[in-house]
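See structure below.
Read-outs: derived from the displayed coordinates by stated rules, not from any lab. If you're wondering where the values come from, they're calculated on a predicted model, not measured in any experiment. Because the Cβ atoms are built from the backbone with ideal geometry, glycine has one as well, and the counts that use them run over all protein chains shown.
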Amino acid sequence: MKQSTKSIMFLIVFLLILFSVAFILNKLNQGVTAAAIRETGCEINCKSYLDCQDDNSCTKNVCLNPGKCDSNCIFEPIENCN
């Protein structure tokens, strides 16, 4: 078999494995979310301020009603922040 044919076959197998792993990880992540919804009857948006990180140093990250169905993240501006 030519070297170029081997390289193409290797690339195809590698991409198939890569896409398979991505597909499985995606399904696992959806399963966790679906299980949380089944358990609580709703989707919980946040359980603590750590779930509300917006990577903005000029906002205070707050989780309202943590761990409950009506939980929600808000980002309060910090005064005099640059």
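Values as computed for the structure displayed
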read-out	value
Nonlocal amide H pairs with K47, under 5 Å, H built at 1.01 Å	G67
Stretch gain in nm, segment L25-D51, where the contour uses 0.36 nm per residue and the Cα spacing is subtracted	7.3 nm
Ranked C58, C73, C46, criterion: other C-beta atoms within 10 Å, fewest first	C58, C73, C46
